[in-house]
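S.K.: Quick one: the structure is below, questions incoming.
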């Protein structure tokens, strides 16, 4: 099943870009706004509902609120509430129709438990930077199990395994198929 919802851990991705929350907040949220604008263009290209969640738990008096900017739903957490908690609630709500962008282990575990597709922040940034027209399936590095047999000829893969040694494992092929969309 291809995901209908893309949920992004905002400051996690900005941190992967080299912009920790302190730097983003300290510079008037310009980087955050630019990131949301890029996500808007990306959302149109993938034709998917995109939600980005930012932490606002340190700001007193804040209530959870969201806005719709350039085709992206931007959510800010309430005082004392973490973005991870909100993302986990969204995952529970949408289940296996969700793709989640995060590098947080706890969020990743919850996503996998509910059948959601997980994209690491750095992997997503690579896709985002390539642009909507240059989206291609990411190729995973495979271990090279080349060996020489008794005659000295080079053999590909292991002899005791069945199947095509040049074909990626089924899980990787499925992941690549889903990643083509993103």
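S.K.: Tell me which residues, restricted to the range 65-94, are at pLDDT below 90, surrounded by 14 or more Cβ atoms within 10 Å (Cβ to Cβ) and more than 24 Å from residue 126 (Cβ to Cβ).
M.R.: 76, 77, 78, 81, 82
S.K.: For the range 1-48, list the helices (runs of 4 or more DSSP H) that sit wholly inside it and hold at least 1 residues that are over 21 Å from residue 104 (Cβ atoms) and at pLDDT below 85; which are they?
M.R.: In the range 1-48, 21-26, 30-46 are the helices (runs of 4 or more DSSP H) which contain 1 or more residues that are over 21 Å from residue 104 (Cβ atoms) and at pLDDT below 85.
S.K.: Report whether or not residue 175 is at pLDDT 80 or above, surrounded by 11 or more Cβ atoms within 10 Å (Cβ to Cβ), part of a helix (DSSP H, G or I) and in contact with a strand residue (DSSP E or B) (Cβ under 9 Å, 6 or more places away or on another chain).
M.R.: Judged against the criteria, residue 175 is a match.
S.K.: Can you name the number of the only condition in (1) under 13 Å from the mean Cα position of the chain (by Cα); (2) modelled with pLDDT of 85 or more that residue 182 fails?
M.R.: For residue 182, the failing item is (2).
The values are calculated or read from the model by the stated rules, or taken from the named source; none is laboratory data. Since we're looking at a predicted model, the values are computed, not measured. When we count neighbours, we look across all protein chains shown, and the Cβ atoms used for this are built from the backbone with ideal geometry, even at glycine.
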